[in-house]
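Following: one structure in structure tokens, then a few remarks.
Read-outs: derived from the displayed coordinates by stated rules, not from any lab. Just so you know, these numbers come straight off a predicted model, no measurement behind them. Because the Cβ atoms are built from the backbone with ideal geometry, glycine has one as well, and the counts that use them run over all protein chains shown.
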Amino acid sequence: MVKFVVVFLFLTSSLWSTLLEDKIENFIGEEEYKTQKNLLHVLFKNEKLFLHDDNRVNDIKVLDQLKESGLLKLFYKKPQELHLSFQTKKNSLIFMRVINRSLTSMGYNYYLTKRVLKNSDNFIWEIVISTEHVVDPLIFAQRLEERGCFMESVERVEEHKWLYKINSDNITKEAQKIETNIVYDLKKPIKPYWINVNGIKSISFVSRLVDRWHPSIIFYDDKLHITRDYKKDSITNKLKLEIPIDTKYIKVTDLYTLDNIKRGISVYLVKRN
């Protein structure tokens with residue numbers, strides 16, 4: 001019995017080592033792995049530090065160690081087409097928006113969508129970026145965490161192609177929360193206002209008299225499906241709207257240009273009973 005336990009522990013330990021080594025080699029490439037093998041054995045000698053509680057490899061901790069040691073190459077010699085695939089299980093619309101906001105916060109403002117695939121099990125969005133450096137997976141993971149997502153796994157499929165599997169169960173949209181029963185002044189917009197109206201019965205708006213607001217207000221549920229779309233093609237100073245009960249967010253803008261509300265808007269929210 002004792003012999004069986006010893007053999008089992010040995011095999012389990014060997015499996016962890018193999019999985020960890022495979023992951024390291026995936027991130028830095030076969031040639032670099034062979035060159036730095038002795039150093040890598042020192043860096044990752046305490047293997048359990050780089051595993052989840054269920055013994056899966058913790059990709060983020062591995063990447064962090066590689067980056068700290070200067071072994072994670074994040075720069076190309078010349079601009080390349082970088083292919084990034086993002087995979088999750090649900091919340092496809094808000095998921096795309098969160099990915100976009102995360103990349104934008106890192107300076108990646110321009111990309112092309114290569115494909116979008118959705119089935120009963122997964123949602124995959126693949127984009128292409130022309131860049132001289134790899135999207136830093138550690139910073140990207142931090143940006144996702146700020147928006148309620150966390151990285152389940154990272155894979156370098158090819159030299160210029162990465163796959164991110166992301167848990168979006170607790171995903172959140174960046175939207176301003178405003179206290180109810182007070183007049184709140186929204187400052188000059190540089191992009192449409194997003195307001196969290198979860199639990200709100202109605203919202204009132206007052207634009208500045210010198211502005212020329214043509215209201216465009218879209219109501220969304222928690223998955224960013226539209227619940228109502230209000231538009232008015234005439235200059236409006238005061239407006240009150242009831243909010244559908246399943247609405248969580250609203251986007252407030254002008255039909256034509258944000259310059260029409262460049263002095264901001266005041267809002268007043270009434271909580272649902």
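Structure above, values below:
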| read-out | value |
| --- | --- |
| Net charge contributed by nearby residues that have their C-beta within less than 12 Å of residue 163 (K/R +1, D/E -1) | -2 |
| Given [x] 39, 38, 26; [y] 48, 22, 15; [z] 29, 23, 17, the label whose value is semi-axes √(5λ) of the Cα gyration tensor in Å derived from this model | [y] |
| Residues residue 114 and residue 159, FRET efficiency given R0 of 22 Å [Cβ-Cβ distance, rounded to 0.05] | 0.85 |
| Length-normalised contact order for the stretch 73-184 - Cα pairs under 8 Å, 6+ apart - percent | 35 percent |
| Cα gyration tensor shape of the stretch 179-233, rounded if a/c is under 1.5, else prolate or oblate by comparing a/b with b/c | oblate |
| Peptides ranked, highest mean first, by Cβ atoms within 10 Å: ranges 115-122, 208-215 | 208-215, 115-122 |
| Sorted by Cβ density within 10 Å, fewest first, the residues 191, 248 | 191, 248 |
| Cβ-derived FRET efficiency at R0 45 Å, residue 73 paired with residue 240, nearest 0.05 | 0.20 |
| DSSP beta bridge pairing in the chain, given as percent antiparallel to the nearest 5 | 90 percent |
| Dipole magnitude (debye, nearest 20) for the stretch 54-185, charges at Cβ of Lys, Arg, Asp, Glu | 340 debye |
| Cβ charges +1 (Lys, Arg) and -1 (Asp, Glu), total dipole of the chain, debye | 1260 debye |
| For the chain, with +1 on Lys and Arg beta carbons and -1 on Asp and Glu, the positive-most of 111, 38, 139 along the dipole | 111 |
| In sequence order, calculated HN-Hα J values of the stretch 198-203 (Karplus, 6.51, -1.76, 1.60; Hz; x Gly/Pro) | 4, x, 9, 8, 8, 9 |
| CD proxy at 222 nm, helix term only [per DSSP H run n ≥ 4: -39500 (n - 2.57); per residue of the chain; nearest 500] | -8500 deg cm²/dmol |
| Net +/- balance of residues flanking residue 270 in space, Cβ distance below 12 Å, scoring K and R +1, D and E -1 | +2 |
